[in-house]
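Below is one structure, written out as structure tokens; the observations come after it.
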Amino acid sequence: MAERSLRGTNLSALSMETDANVVLSERQLVRYLCANEHVSELPFSIEADIPATWECRCGQVAKLIDGPVPEEKPVKVARTHWDMLLERRSIAELEELLEERLALLRASRGETSGKQTA
């Protein structure tokens, strides 16, 4: 085997660098509280922008303790098919289209009047 090969190491997952002479940035502990009263303490760099909310371990949204109130995002109301239809046509136009389609349906069934015969 070649002398330059590194036997017994997994080069894809391991780094050959050490932590010697590495200066870490200053840290601050930030606390979040969720609706289930869970407190999460997270270290952030002094220079980092602290988010107003964080996802708790229980899945709830945790808010920053003694921090600014998070901005409420506007809730987008879901438009239904009927809402989109009313944007394009008036009720009178829809009633007219309905009568036309019903007349075509009755004609295809061989009905002469608006009521079915028994």
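The values are calculated or read from the model by the stated rules, or taken from the named source; none is laboratory data. Keep in mind that this is a model prediction, so the values were computed, not measured. All Cβ positions, even for glycine, are placed from backbone atoms using ideal geometry, and neighbour counts span all protein chains on display. Surface accessibility is based on the protein's heavy atoms, side chains included, excluding ligands, DNA and RNA. Shrake-Rupley method; radii C 1.70, N 1.55, O 1.52, S 1.80 Å.
For the stretch 51-107, residues that are within 30 Å of GLN28 (Cα to Cα), in a loop (DSSP other than H, G, I, E, B) and open to solvent by less than 70 Å² (accessible area, probe 1.4 Å) total 8. Of all residues in the stretch 14-32, those that are open to solvent by less than 80 Å² (accessible area, probe 1.4 Å) and in contact with a Ser or Thr (Cβ under 8 Å, 6 or more places away or on another chain) total 3.
Cβ separations smaller than 7 Å between residues 6+ apart or across chains give the following pairs from the stretch 23-50 residues that are farther than 19 Å from PRO70 by Cβ to residues that are assigned to a loop (DSSP other than H, G, I, E, B) and open to solvent by less than 60 Å² (accessible area, probe 1.4 Å): SER45/SER25; ILE46/SER25; GLU47/SER25. The single condition from (1) open to solvent by less than 100 Å² (accessible area, probe 1.4 Å); (2) modelled with pLDDT of 90 or more that GLU47 fails is (1).
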